[in-house]
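Down below is the structure, laid out as structure tokens.
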Amino acid sequence: MINSEIIIKKLKEELEPLQYVHAMWLEGADAIGQADEYSDIDIYIDIEDEHEQEAIDKVENILSRVSEIDYKYVMNHGHPKLRQRIYHLKGSSEYLMIDFCWQLHSRDKEEYVYIKGNTIEAAKVIFDKSEIIRYKDYKEEDYKSFNIEALEECKYRYSQHCRVEKYIHRGMYLEAYAYYNRYVLEPLINVLRMIYTPAHAHYYLIHISQHLPKNEVEKLQFFAQVSSLKDIEDKIPQAKIWFSELVERLKELGME
């Protein structure tokens with residue numbers, strides 16, 4: 001069966017000699033050493049801007065010679081210097097999606113400096129001919145202002161529990177569930193992120209079970225599991241208490 005090692009090896013062999021390709025690296029599970037049989041591959045290459053289409057065509061040509069591309073989706077990444085496509089190759093695991101990003105060389109280098117020793121977001125370098133991948137020390141002040149602003153948003157949402165309660169009183173579960181997620185659950189998640197992963201407070205639920213202590217994960221799961229209006233109604237006051245406790249912990253950490 002075609003696996004990630006075969007795909008990465010073939011890409012490296014054919015991309016590294018190209019003058020317009022400066023670097024290739026992996027992110028995601030491969031980069032932090034947590035890849036398993038369910039993992040996809042997150043691949044980045046840095047390319048000269050004027051060779052954008054040539055680089056895209058080259059990657060697709062390489063992949064198609066490893067095996068038939070039986071799925072392709074062109075993503076609208078949103079960043080003006082990144083192009084992204086999702087692939088799957090025939091004969092590989094159904095879980096082995098290839099998430100491929102082409103980074104234009106003119107992208108501001110300060111946007112993607114990795115934190116030394118970071119176990120959440122990292123880069124596994126396949127080759128780097130131009131010192132594209134760079135690292136910096138973790139500094140709390142780099143993220144503090146962003147998190148303080150985000151904390152104020154969380155506090156605002158917690159002041160709006162009446163938005164959830166009105167749908168409970170109206171007997172409208174779907175609306176109550178939606179507002180419960182927005183005004184009760186999401187602020188809890190965001191505040192927990194600020195405490196345990198302050199450099200990645202925006203990650204929401206992505207791999208959160210790996211990033212929080214087990215007792216916090218179990219508590220968060222308790223609040224996430226609601227199946228009725230009664231569940232929502234009963235858990236709101238309990239969530240308020242926990243939220244207040246978490247905010248106090250942030251104050252102790254200097255987040256005010």
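Tabulated values for the structure
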| item | result |
| --- | --- |
| Helix-only CD estimate at 222 nm, as mean residue ellipticity for the chain, using -39500 (n - 2.57) per DSSP H run (n ≥ 4) | -14000 deg cm²/dmol |
| Inverse mean reciprocal Cα-Cα distance (Kirkwood Rh) of the stretch 205-247, Å | 11.3 |
| Dipole magnitude of the chain about its Cα centre (Cβ charges: Lys, Arg +1; Asp, Glu -1), debye to nearest 20 | 780 |
| Mean separation of Cα contacts under 8 Å, 6 or more apart, over the residue count of the stretch 4-136: relative contact order % | 31 |
| Lysines whose Cα lies under 27 Å from that of Lys72, excluding same-chain neighbours fewer than 8 positions away | Lys9, Lys10, Lys12, Lys58, Lys81, Lys90, Lys124 |
| Karplus-derived 3J(HN,Hα), 6.51/-1.76/1.60, for each residue of the stretch 141-158, Hz, glycine and proline x | 5, 5, 10, 4, 5, 4, 6, 5, 5, 5, 5, 4, 5, 4, 4, 4, 4, 5 |
| Hydrodynamic radius by Kirkwood, which averages 1/r over all alpha carbon pairs of the stretch 95-254, in angstrom | 18.1 |
| Angle between the chain longest axis and helix 4-15 axis [Cα atoms, degrees, rounded to 10] | 50 |
| The chain - percent relative contact order, Cα under 8 Å, separation 6 or more | 16 |
| Whole-Hz ³J(HN,Hα) from phi, Karplus 6.51 cos²θ - 1.76 cosθ + 1.60, for the stretch 107-119, glycine and proline x | 4, 4, 5, 6, 6, 9, 7, 8, 8, 4, x, 5, 9 |
| Projected label distance in nm at Lys136 and Ser67, using a 7 Å step from Cα toward the beta-carbon | 4.0 |
| Helix 229-252 vs. the chain, principal-axis angle (Cα, 0 to 90°, nearest 10) | 70 |
| Ser39 long-range amide H proximity, modeled H, under 5 Å | none |
| Rg to Rh, two decimals, where the stretch 58-181 supplies the alpha carbon set and Rh follows Kirkwood | 1.13 |
| Whichever lysines have a C-alpha closer than 19 Å to that of Lys166, once near sequence neighbours (fewer than 8 apart) are set aside | Lys230, Lys235, Lys240 |
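Bear in mind that the values in this text are calculations on the coordinates, not laboratory data. Note that the structure is predicted; figures quoted are calculated from it, not measured. Cβ atoms come from the backbone with ideal geometry, glycine included; neighbour counts cover every protein chain shown.
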